Each structure stands twice: as C-alpha cells, then as structure tokens.
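One structure is given here, and the rest of the page talks about it.
The values are calculated or read from the model by the stated rules, or taken from the named source; none is laboratory data. Keep in mind that what you see is a predicted model, and the values were worked out from it rather than measured. Cβ atoms come from the backbone with ideal geometry, glycine included; neighbour counts cover every protein chain shown.
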Amino acid sequence: MAREFKPVRFFVMMALAAFVVCGVTSFYTYRAAHGKTAEERAAYAIGLKTGEQAPPGATSPTAADLNMMAQKYFKQQGSGNPQTWDQGFENGYTNGFNKTHPRQ
C-alpha cells in the first residue's frame, strides 16, 4: 500500500535541508577567508591586532616592510612555512590598518 504524498511536509523538509547546507557552506567560507591553515589564521589574527595599533596618521607600509615585520614577529616560530606566516600577517595587517585608518 502506497503512502499519501504530503506536499507541505515535503517543502518544509526541503527548506530545512537547504538552510542547513547554506549554514555549513557559510561557516566554512567565512573560516577560509582569513587563511586555509591554522598557521595562516594565527598570523592573520596577529597582523590584524598589529595593524589596528598603528599610530594615527601613519601610512600603509609597503609589501617589503610588511614582510620584514612578519619575519620579526615569527622569527621564534620554528615550525611551519614562512610564506604562510608572511601572507597571513600581511593580509591581517592590511585589514586592521584599513579598519582604523579609513581613506578620505
């Protein structure tokens, strides 16, 4: 004996499934925006704090200056890929600097 199709239940379940899938996708997309590895996310967080603490009236540093700053901060870190630390720090510093020093 076949069961009766219930369209309301079907659409509610499909909406719930779509909500869960979109939530999971949003979580992982947001998480990956600041780096794919834990090292890169940690460097991003440190760079963000450093960029926010830049003195008022300072200009945005060049890529070479940011690289030197990252090397200074992570010289004691022996593990991991230095390029990962540099890239994460650079992205974080730039975002933090732009957040506290809006362009006119």
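See the values below:
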| item | result |
| --- | --- |
| Unmet requirement for TYR93, which otherwise passes all of (1) in a loop (DSSP other than H, G, I, E, B); (2) surrounded by 13 or more Cβ atoms within 10 Å (Cβ to Cβ); (3) not aliphatic (A, V, I, L, M) | (1) |
| Selection from the stretch 35-72 of residues that are surrounded by 18 or more Cβ atoms within 10 Å (Cβ to Cβ) and modelled with pLDDT under 80 | GLY35 |
| Residue that is modelled with the lowest pLDDT, among those in the stretch 1-34 that are basic (Lys, Arg) and over 29 Å from THR94 (Cβ atoms) | ARG3 |
| Any hit, the stretch 22-29, residues being among the aliphatic types (A, V, I, L, M), surrounded by 13 or more Cβ atoms within 10 Å (Cβ to Cβ) and assigned to a helix (DSSP H, G or I) | no |
